[in-house]
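Remarks on the structure that follows.
The values are calculated or read from the model by the stated rules, or taken from the named source; none is laboratory data. For clarity, every value in this text was computed on a predicted model and none was experimentally measured. Note that we place each Cβ from the backbone using ideal geometry, even for glycine, and neighbour counts take in every protein chain shown. For accessibility, only protein heavy atoms count, side chains too; no ligands or nucleic acids. Shrake-Rupley method; radii C 1.70, N 1.55, O 1.52, S 1.80 Å.
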Amino acid sequence: MAVTTLTEDLGYTPNTDGVWSWLTTVDHKRIGIMYGVSALVFFIVGGLEALLIRIQLAGPNGTLLSADAYNQLFTMHGITMIFAAIMPVAAAFQNYMIPLQIGARDVAFPRLNAFSFWLFLFGVLMLMSSFFLGGSPDGAWTGYANLSTQVTEFVRMDYYAIGLQLLGVASIGSSANFIATIFTMRAPGMTMMRMPVFTWMSVVTSFLLILSMPVISVGLWQMFLDRNFGTVFYEAQASGDPLLWQHLFWVFGHPEVYVLVLPAMGIISETLPTFSRKPLFGYAFVVFSGIAIGFLGFGVWAHHMFTAGLSPVAEVGFGIVTMLIAVPTGVKIFNWIGTIWGGKLTLNTSMLFSIGFIAMFIIGGLSGVTHAVIPADTQQHDSYYVVAHFHYVLVGGSAFGFIAGVYYWLPKWTGKMLNETLGKWHFWLMFLGFNLTFGPMHILGLNGMPRRTYRYPEGLGWEFWNGMATIGSFIIGVSMLVFIWNVINTRRKGLPAGNDPWDARTVEWMTTSPPPIHNFDRVPVVRHLDELWHRKYGVDEEGRAVPLPDGYVEEPAFVEEAGGIHMPSPSYYPIIAAFGLVTAGAGLVFWSSGILGVGMLVIGAAIMLWGVVGWAAEPITREAH
Ligand code: HEM
Ligand SMILES: [Cu+2]
């Protein structure tokens, strides 16, 4: 079957090698790889920031960092890990895997997809340039007013106010793309209740982003206006209200934590059945509990404000809803354990990280429930107990889940198998390092150690456990080096993987490894949840899975496509539009410096306009050299 891009129909062959082809690509797989590589690099940056923090706190009276430097580091650590590492790694998996899981050839809006990626990348680079241009945001990742609206000689929190907006636009763009793709481009027969759970959790995550990002955008604009135009949205003395910022931030912020963990939950819902050789236990319950978490996630934001002086009635309401979220979360955990139970387990690295996810997430979830108890939270708030809690769910949860996904799907992306021995070293070092870093923080927090404090005196009993936590964080660092070495080594000389190395269940394993630019030579007709298993195995009278005779498949197995396959053409307008928008954003960051700011704003807007007009008017005949 002939595969052409629209431009090829007109005798042009896109070059797929070289930097230029990456700068102009609109292929979801390549965009996924670029998100993945960027996220890994930024995870390392966020990790190095964390190691500096841990060195400073390894013992009492740390002297490595000044208070000012410390404030910038933990603020940027939080922002980097959330917006530049965990969110883009989710986007990496979603970009690469969603079209493959639903039997589509690409996403609905390929150029918007490229635009979202470049906006994310340039937005993060602008945020990080703050290190070299006057100092980084230092008001914590939560940016509480009036600390964040204080006008100083630095523009630090303007980077925050504008930078997060740009990343928000990128997230909304890719979320709209995923929703349009999943609802309109599934292979024939793939009903919603035959969709893999990872794709389902991506639907929920995309809606969470589209509904929550605009809320913080309003808050960020008000912060920017208070800082640069003398408005008083958050000025209590001028009938503004600093609590308004906290409400706007957490109406976004709490759904945001589910944006970070639901994709990882989707991934282990793929790996656990494959490596237990059993269908996912309670598929529908796993799907609907994810949807329930999405809904309830919008009703708990004020549990972050139990010490902000809200009325007891409001507090109790938010406390109860917060406890309620434990129910759908528990349903998922029981269904994962139900899947493993009685299964024929393959304890490879992907499975170890998947089981590690469940165990660590349970610990994080349980401390989460203790936060819902208002009097207890009053003690725990802003202490290291809270820092422990969210690292158990974000590192032990999200990060472990995504790493399980790399060990599961990298053979599909590269056609090569990761080394299992190095994988096991990675897992056990990370598991040990992680628990040694964040386990003791529960004790430190209950012993009164506050977060966001650049040093502590002797004699408060915090020395030993801080020392342990610092050792643990370096063990995490070593485990990540083992992982990176494994990936690099595999790219060079990994063993061939073949199309279906895990004898897996879902459609993505039906195509080659790596997949061709058009994903499938022939689009499969889907009749079952776990379609591929049903093409390989029947069920005997005892209900056991028995291999089907070779070549046996229910007809029609594939879609008949007359007239060849058309793929979207490379384009350079998305990167131009993204560059223009970020330049205009940088102009706003430097608004207070007069002509420089205005100049960048105008030039950026002009470049963006060029990009958008070119994109809209792009003749499909243009040769993108
Ligand atoms: C991998 C190793 C990591 C280590 C050793 C680490 C360590 C720390 C420490 C010590 C703090 C507290 C700083 C303070 O309050 O003074 C902190 C804060 C934080 N971390 Fe991590 N972290 C790691 C990974 C992550 C990841 C993967 C995420 C997110 C997805 C994350 C998100 C955060 C956030 C949001 C804060 C709060 C920052 C703030 O208070 O504004 N961390 N981290
Ligand atoms: Cu919350």
Q: Among residues belonging to the stretch 40-57 that are farther than 17 Å from Pro137 by Cα and away from ligand 1 (no atom under 11 Å from the Cβ), point out the one that is most open to solvent (accessible area, probe 1.4 Å).
A: Val41
Q: Within the stretch 243-259, work out how many residues are open to solvent by 10 Å² or more (accessible area, probe 1.4 Å) and either β-branched (Val, Ile, Thr) or within 13 Å of ligand 2 (Cβ to nearest atom) (or both).
A: 7
Q. Can you find even one residue in the stretch 344-363 that is of a type outside the set (Val, Ile, Thr), farther than 17 Å from Met441 by Cβ and at pLDDT below 95?
A. yes
(Q) Quick test for you: out of Ser289, Ser269, Ser311, pick the one residue that is more than 16 Å from ligand 1 (Cβ to nearest atom), within 30 Å of Ile476 (Cα to Cα) and not hydrophobic (A, V, I, L, M, F, W, C). (A) Ser269
Q.
Just to verify a result, which residue in the stretch 74-83, among those that are within 17 Å of Ser148 (Cβ to Cβ) and open to solvent by less than 20 Å² (accessible area, probe 1.4 Å), is nearest to ligand 1 (Cβ to nearest atom)?
A. Gly78
**Q.** Test: Phe474 is surrounded by fewer than 20 Cβ atoms within 10 Å (Cβ to Cβ) and either near ligand 1 (Cβ under 10 Å from one of its atoms) or over 29 Å from the mean Cα position of the chain (by Cα) (or both)
**A.** yes
Q.
So for the stretch 297-315 (the condition being in contact with a Lys or Arg (Cβ under 8 Å, 6 or more places away or on another chain) and either at pLDDT 95 or above or open to solvent by 30 Å² or more (accessible area, probe 1.4 Å) (or both)), does at least one residue qualify?
A. no
Q. Restricting attention to the stretch 263-291, and to residues there that are without any contact (Cβ under 8 Å) to a residue 60 or more places away in the chain and surrounded by fewer than 19 Cβ atoms within 10 Å (Cβ to Cβ), which single residue is nearest to Leu244 (Cα to Cα)?
A. Phe288
Q: With the checklist (1) modelled with pLDDT of 95 or more; (2) surrounded by fewer than 16 Cβ atoms within 10 Å (Cβ to Cβ); (3) within 30 Å of Thr199 (Cα to Cα) in hand, flag the one item Gly543 doesn't pass.
A: (1)
Q. Inside the stretch 127-146, can you point out the residues that are hydrophobic (A, V, I, L, M, F, W, C), crowded, with 19+ Cβ neighbours inside 10 Å and assigned to a loop (DSSP other than H, G, I, E, B)?
A. Trp141, Ala145
Q: Go through the stretch 171-198 and count every residue that is in a helix (DSSP H, G or I), in contact with a Lys or Arg (Cβ under 9 Å, 6 or more places away or on another chain) and not aliphatic (A, V, I, L, M).
A: 1
Q.
I'm checking my understanding of the structure. Among residues of the stretch 147-156 that are without any contact (Cβ under 8 Å) to a residue 24 or more places away in the chain and polar (S, T, N, Q), which one is most open to solvent (accessible area, probe 1.4 Å)?
A. Gln150
Q.
Looking only at residues that are within 19 Å of Gln379 (Cβ to Cβ) and within 13 Å of ligand 2 (Cβ to nearest atom) in the stretch 316-332, which one is most open to solvent (accessible area, probe 1.4 Å)?
A. Met323
Q) How many residues are under 27 Å from Ile403 (Cβ atoms) and either within 15 Å of ligand 1 (Cβ to nearest atom) or not acidic (Asp, Glu) (or both) if we restrict to the stretch 416-463? A) 30
Q.
Among the numbered criteria (1) surrounded by fewer than 23 Cβ atoms within 10 Å (Cβ to Cβ); (2) over 28 Å from the mean Cα position of the chain (by Cα); (3) not charged (D, E, K, R), which one does Tyr234 miss?
A. (1)
Q: Kindly indicate whether any position in the stretch 576-588 is in contact with an Asp or Glu (Cβ under 9 Å, 6 or more places away or on another chain), surrounded by 20 or more Cβ atoms within 10 Å (Cβ to Cβ) and more than 30 Å from Arg30 (Cβ to Cβ).
A: yes
Q.
Name the single residue that is most open to solvent (accessible area, probe 1.4 Å) among those in the stretch 110-126 being under 18 Å from Glu618 (Cα atoms) and of a type in the set (A, V, I, L, M, F, W, C).
A. Leu112
Q) Do you know which residues across the stretch 210-242 are of a type outside the set (Gly, Ala, Ser), within 16 Å of ligand 2 (Cβ to nearest atom) and over 16 Å from Gly139 (Cβ atoms)? A) Leu211, Val215
(Q) Criterion first (modelled with pLDDT of 95 or more and open to solvent by 10 Å² or more (accessible area, probe 1.4 Å)) does Thr339 satisfy it? (A) no
Q: Hey, can you tell me all the residues within the stretch 172-225 that are open to solvent by 20 Å² or more (accessible area, probe 1.4 Å) and hydroxyl-bearing (Ser, Thr, Tyr)?
A: Thr184, Thr191, Ser217
Q. Is it the case that Phe400 is closer than 30 Å to Lys493 by Cα and within 24 Å of the chain's Cα centre (by Cα)?
A. yes
**Q.** Given (1) in contact with a strand residue (DSSP E or B) (Cβ under 8 Å, 6 or more places away or on another chain); (2) modelled with pLDDT under 80, number of the condition Asp550 does not satisfy
**A.** (1)
Q | Hits in the stretch 126-174 - residues which are at positive phi and at pLDDT below 95 | A | Gly134, Gly135
